[in-house]
Amino acid sequence: MLEGIEVKLNCNYFDNREEFENIANKIIFTGAIDEYYNYCFGELEYRSVRFETEILDKENYQGNAVVNYTEYEVPYTRIIEHKHFEFGTQPKTVISREYSDKWDRTKEPYYPINDEKNNALYEKYRKLADKDEKVIFGGRLGQYKYYDMDKVIEQALNCVKKELN
Ligand SMILES: Cc1cc2nc3c(=O)[nH]c(=O)nc-3n(C[C@H](O)[C@H](O)[C@H](O)COP(=O)(O)OP(=O)(O)OC[C@H]3O[C@@H](n4cnc5c(N)ncnc54)[C@H](O)[C@@H]3O)c2cc1C
């Protein structure tokens, strides 16, 4: 798909904003919309997560790649046992406990928090974006919306159809 297209990895758009803005007529931006507009209406809130990873001296811990924990008393929300994604047969196993974490600008904004307050703030950014002909905002952070993998691909395909028609 990317044959003949220059790909640059590990570049933060905001570290070289001027360069990126001037290499194309149109930009598809999948980072955070509030950051793109320098938080001009204020900061949207996100939920971050952190992982605690452990190597266990046993072949199998939970028999499954992911187990969710919803009890109030349990501090993590799920345990990932990586080998089960690949049907691994190693004598040891690696597990990661996933904890919800409060987001600040030093952390990864994993999930939007789509409550009334944040949705209203996002609407202000969306209206600004509607007037901006140079940029298309896509995905979770660009559209401040929770998307699973299949939904985000659907959204990207619909966006292409709309743009190319
Ligand atoms: C822990 C976890 C587990 C998940 N498990 C599942 C699952 O089991 N099934 C499922 O369907 N979905 C799952 N998801 C959700 C899935 O990852 C998302 O639906 C999908 O990745 C969303 O695609 P996206 O394009 O919106 O965002 P991303 O895939 O995050 O793409 C955004 C891209 O923009 C880049 N970017 C952001 N800011 C900048 C910047 N300033 N400069 C340059 N580049 C930037 C990022 O590096 C990234 O490559 C999971 C998500 C998480 C966090």
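The values are calculated or read from the model by the stated rules, or taken from the named source; none is laboratory data. Keep in mind it's a predicted model, so treat the numbers as computed, not measured. Cβ placement follows ideal geometry from the backbone for every residue including glycine, while neighbour counts extend to all protein chains displayed. Please note that ligands, DNA and RNA were not included when accessible areas were found on the heavy atoms of the full protein model with its side chains. Shrake-Rupley method; radii C 1.70, N 1.55, O 1.52, S 1.80 Å.
Structure above, values below:
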{"quantity": "Flag for R78 being modelled with pLDDT of 95 or more and closer than 15 Å to D34 by Cβ", "calculated": "no"}
{"quantity": "Considering residues of the stretch 58-71 that are surrounded by 11 or more Cβ atoms within 10 Å (Cβ to Cβ) and more than 25 Å from the chain's Cα centre (by Cα) only, the residue farthest from the ligand (Cβ to nearest atom)", "calculated": "E59"}
{"quantity": "Hey, K102 open to solvent by 40 Å² or more (accessible area, probe 1.4 Å) and at pLDDT below 95 or not", "calculated": "yes"}
{"quantity": "Cross-chain or 6+ apart pairs with Cβ under 9 Å, the stretch 39-57 first and in contact (Cβ under 8 Å) with a residue 24 or more places away in the chain, then among the small types (G, A, S) and in a loop (DSSP other than H, G, I, E, B)", "calculated": "L44/A32; Y46/A32"}
{"quantity": "Answer from K131, K127, K145 - the residue that is under 16 Å from the mean Cα position of the chain (by Cα) and either near the ligand (Cβ under 10 Å from one of its atoms) or among the charged types (D, E, K, R) (or both)", "calculated": "K145"}
{"quantity": "Residue match in the stretch 28-38 (condition: in a strand (DSSP E or B), within 9 Å of the ligand (Cβ to nearest atom) and assigned by TED's automatic domain parsing to the domain that holds Y125)", "calculated": "yes"}
{"quantity": "Members of the stretch 33-57 found to be hydroxyl-bearing (S, T, Y) and more than 14 Å from the chain's Cα centre (by Cα), listed by number", "calculated": "Y36, Y37, Y39, T53"}
{"quantity": "Filtered residue count, the stretch 113-137, keeping only those that are open to solvent by less than 30 Å² (accessible area, probe 1.4 Å) and out of contact with any Leu (no Cβ under 7 Å at 6 or more places or on another chain)", "calculated": "5"}
{"quantity": "Qualifying residue in the stretch 1-23 (condition: assigned to a loop (DSSP other than H, G, I, E, B) and touching a residue at least 12 places away in the same chain (Cβ under 8 Å))", "calculated": "no"}
